[in-house]
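Report on the structure given below.
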Amino acid sequence: MASKRFTSPGYLAAVNSADLATKEVWPGHTQRIDWDQNAYPDCAGVPDATSTEPHGITVRAAEGDSPSTLFAINHKRESVEVFRIDADNSGIGLTWIGCIPLPADASANGIASLPDNSGIVVTSMFDPTQPGNPFERMFTGADTGRVIKWTPAVGWAPVPGTELGGANGVLVSPDGQSVIAAAWTQRKVVKISTTAPYERLEISIPFLPDNLRWTERGTVFLTGHEAGMADILTCNAGEGTDCPTGYSVIEIDPTTMTSTVVVDAADSETSIATTAVPVGDEIWVGSLNGDRITRLQPN
């Protein structure tokens, strides 16, 4: 995902891992629409493609007759936009098929599909209906956010036991028995059972942990940044000229909740790293402020 933040509309882009070509896939030159009003009856309508603010994204793989689906948080109208991924030998594109309005008390960040394709989970960093500065609340270390789940039958509901400080990246285990989430301002990653008594296992992280991504080994890649509240407020607003740089990539074993550093890039010029994704034998790192993806080999 790439976003022309702050001064012009955001967009979603696809990157070809073979030739590294990039393509804007939404809204693109023309927004492709095939609204499934039966699946997404609460959606207010087709999004304004000239004013978008995409954030967290996730892809649900194709299964049977169901095509691959992309879910993207859109802060411009506080919804999850849903797209069918159209891919063949001629290229790739997105067709908008609906949206899921977010609850008023959620500030959505990360998103993941449930393994049985029955819905999605989303992290809410804080409650935007509360008065005051949400970043000040988060940086006290308090539990400001949580994980919420959406299914067509129930709608939105909190996932018990997932109260976290600045809830950020999120994954659901392949068996659906646990949720793994990054507590950004509490500097930890937490695994929570999805059934009573909602057992929690935690691992401390030496930086502000951001997005989580599965590897083919069944482990989790994590990156993030070393920054204070002032750094985040300035750099997140696109005003910073001296934003913190450098990052690490950590690999977490979700069974034991132990970790290994696979990349130490303290001297990198990459600023506010947010995502580490395994691509072939490389790791691709995205950032909040950057206009490019960093490609690297693990240690």
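In nm, to one decimal, how far is the modelled label at D281 from the one at I33, with both set 7 Å along Cα→Cβ?
Calculated label separation equals 4.7 nm.
Pairs of Cα atoms under 8 Å, at least six residues apart: use those to get the relative contact order of the chain, whole percent.
9
Specify whether the C-alpha gyration tensor of the chain places it in the rounded, prolate or oblate class, a ≥ b ≥ c being the square roots of the eigenvalues: rounded for a/c under 1.5, otherwise prolate if a/b is larger than b/c and oblate if not.
rounded
Solvent-accessible area of H75, probe 1.4 Å, all protein chains present, reported in Å² to the nearest ten, please.
40
Once label points are set 7 Å from the Cα along Cα→Cβ at both T140 and S51, what is their separation, rounded to one decimal in nm?
Taking the two extended label points, one gets 3.4 nm.
So, taking all protein chains as they sit and a 1.4 Å probe, how much accessible area belongs to R295, in Å² rounded to tens?
120
Taking a cut-off of 24 Å, what percent of all Cα-Cα pairs in the stretch 71-210 are separated by more than that?
32
So what is the relative contact order of the stretch 228-299, in percent, for Cα pairs below 8 Å that sit 6 or more residues apart?
24
Tell me the per residue accessible area of the stretch 101-216 using a 1.4 Å probe; a whole number in Å² is fine.
Using a 1.4 Å probe on heavy atoms only, each residue of the stretch 101-216 averages 41 Å².
With the full set of protein chains in place, find how many percent of the accessible area of the stretch 159-278 is carbon and sulfur; take the probe as 1.4 Å.
48
In whole Hz and in residue order, list the ³J(HN,Hα) couplings for the stretch 182-199 that follow from phi through the Karplus curve 6.51 cos²θ - 1.76 cosθ + 1.60, θ = phi - 60°; x for Gly and Pro.
8, 9, 4, 7, 9, 6, 7, 10, 10, 10, 10, 5, 8, 10, 4, x, 6, 4
Using a probe of 1.4 angstrom, how much of the accessible area of the stretch 1-135 is carbon and sulfur, in percent?
Details: 3280 of 6790 Å².
The computed percentage sits at 48.
Using each residue's phi in the stretch 42-55, evaluate 6.51 cos²θ - 1.76 cosθ + 1.60 at θ = phi - 60° and report the 3J(HN,Hα) Karplus result to the nearest Hz, with x for Gly and Pro.
8, 5, 6, x, 5, x, 6, 6, 8, 8, 10, 9, x, 10
Determine ³J(HN,Hα), in whole Hz, for all residues of the stretch 209-218 in sequence, where each value follows from phi through the Karplus function 6.51 cos²θ - 1.76 cosθ + 1.60 and θ = phi - 60°; x replaces Gly and Pro.
For the stretch 209-218, the Karplus curve yields x, 10, 7, 10, 9, 5, 9, 5, 7, x Hz.
For every helix of n ≥ 4 consecutive DSSP H residues, a contribution of -39,500 (n - 2.57) applies; sum these over the chain, divide by its total residues, and give [θ] at 222 nm rounded to the nearest 500 deg cm²/dmol.
-1000 deg cm²/dmol
The values are calculated or read from the model by the stated rules, or taken from the named source; none is laboratory data. Since the model is a prediction, treat every value here as computed from it, not as a measurement. Neighbour counts run over all protein chains shown; Cβ positions are idealised from the backbone, glycine included. With ligands, DNA and RNA removed, areas are computed over all heavy atoms of the protein, side chains included. Shrake-Rupley method; radii C 1.70, N 1.55, O 1.52, S 1.80 Å.
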